[in-house]
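Everything below concerns the one structure shown next.
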Amino acid sequence: MNVALFGGTFDPVHLGHLAAARAAMKCFALEQVHFVPASLPPHKRNRPLTAFAHRFAMIALACAGSPHLVPSLLEWSDDISAQLNYSILTVRKMASKLSGGDRLYFLLGADAFRDVAHWYQPAELLDSCDFIIVSRPGFPIAEIEKVIPAELQGGPVTDTSVRLRRTTLHLLNTITADVSSSAIRRAAAEGKSVHGMVPDAVAEYIEKLRLYQNG
Ligand code: ATP
Ligand code: MG
């Protein structure tokens with residue numbers, strides 16, 4: 001089976017995430033897309049995150065009714081000191097749960113991929129599995145190869161893929177919703193409705209729990 005790991009802060013999960021997951025599912029015949037909320041993402045420690053429980057609950061609501069979208073606790077740990085989560089470790093954890101014939105992809109947006117060289121052990125990560133990189137409004141996937149460390153570049157670059165020394169980056173130039181978690185947090189903080197940016201059940205959850213209202 002083809003499986004993708006979709007990591008992020010998901011604070012909150014929104015229609016852009018779902019559009020990206022669905023586009024990847026269709027294009028790569030994915031049986032499962034695992035939404036993996038980070039419990040303490042290394043690159044976002046300057047901003048206080050909404051509690052993991054809320055972010056996970058919203059993912060569970062967003063995935064409800066879609067058998068192929070799976071809320072994942074892969075990066076969760078009860079042990080506060082163990083909450084530094086790095087993508088390479090998450091990929092290894094996920095890979096260890098799969099069987100021989102399964103194929104694992106790492107799904108992410110073009111904006112996130114642009115930072116990949118600054119992630120923990122980027123070479124090991126890029127060697128570990130194929131990537132699916134989705135375009136995002138404001139972040140076209142042209143120029144993706146510019147951020148790849150030279151020693152990893154492995155071969156031909158086409159409109160839809162970049163061959164690295166061990167793996168392939170698949171470029172999905174799909175149109176996803178022009179929505180971001182930051183815009184949702186801002187809207188909620190200003191007392192505006194977030195309907196139309198997140199699934200209805202998530203909008204309801206944000207309103208009921210009064211998330212994001214203090215900034
Ligand atoms: P924030 O504004 O807080 O950074 P975000 O909307 O970027 O939130 P993240 O949780 O940071 O959401 O993103 C998780 C993953 O989803 C990243 O790989 C990101 O590139 C991707 N992503 C987020 N929004 C979109 C979108 N509208 N289209 C395609 N990919 C997206
Ligand atoms: Mg982001």
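If Lys and Arg each add +1 and Asp and Glu each add -1, what is the summed charge of the other residues whose beta carbon sits under 13 Å from the beta carbon of HIS34?
Local charge sum for HIS34: -1.
Mean-square fluctuation check for the chain, GNM, Cα pairs under 10 Å: which of ALA188, ALA62, ALA20 is largest?
ALA188
Taking every DSSP beta bridge with both residues inside segment 2-209, roughly what % is antiparallel (nearest 5)?
20
So if the hydrodynamic radius of the chain is defined as the Kirkwood radius over C-alpha pairs, what does Stokes-Einstein give as its diffusion coefficient at 37 °C and 0.692 mPa s, in µm² per second? Before the final figure, lay out the partial values.
Numbers: Rh = 17.7 Å.
So the translational diffusion coefficient is about 185 µm²/s.
Give the accessible area for ILE144 in Å² (nearest 10); use a 1.4 Å probe, count only protein heavy atoms, and leave out ligands, DNA and RNA.
Solvent-accessible area, nearest 10 Å²: 0 Å².
Could you tally the net charge around ALA142, taking each other residue with its Cβ under 14 Å from the Cβ of ALA142, Lys/Arg +1 and Asp/Glu -1?
On the way: positive: ARG114, ARG136, LYS146; negative: ASP111, GLU143, GLU145, ASP159.
Within the 14 Å Cβ shell, the charges total -1.
If LEU15, LEU211, LEU89 are ordered by their accessible area, calculated over protein heavy atoms with a 1.4 Å probe, which sequence runs from highest to lowest?
From most accessible down to least: LEU89, LEU15, LEU211.
Work out how much length ALA177 to ASP79 would gain on full extension: take 0.36 nm times their residue separation and subtract the Cα-Cα distance, in nm to one decimal.
Numbers: separation 98, 0.36 × 98 = 35.28 nm, distance 3.57 nm.
Computed gain between ALA177 and ASP79 is 31.7 nm.
Can you give the FRET efficiency for ASN214 and ARG47, using 1/(1 + (r/R0)^6), R0 = 22 Å, r = Cβ-Cβ distance, to the nearest 0.05?
0.95
Could you identify which residue out of ARG166, ARG185, ARG47 has the top mean-square fluctuation in a GNM of the chain using Cα springs shorter than 10 Å?
Greatest mean-square fluctuation among the candidates belongs to ARG47.
Using a cut-off of 12 Å between beta-carbons, work out the net charge of the residues near SER161 (Lys and Arg +1, Asp and Glu -1, SER161 not included). Don't jump to the answer; show the numbers that get you there.
On the way: positive: ARG163; negative: ASP130, GLU145, ASP159.
Around SER161, the charge tally is -2.
Accessible surface of GLU207 in the full protein assembly, 1.4 angstrom probe, to the nearest 10 Å²?
Here the accessible area works out near 90 Å².
The values are calculated or read from the model by the stated rules, or taken from the named source; none is laboratory data. Remember, predicted model here, so these are calculated numbers, not experimental data. So basically every Cβ, Gly included, is an ideal-geometry build from the backbone, and we count neighbours across all protein chains shown. Accessible surface areas use protein heavy atoms only, side chains included; no ligands, DNA or RNA. Shrake-Rupley method; radii C 1.70, N 1.55, O 1.52, S 1.80 Å.
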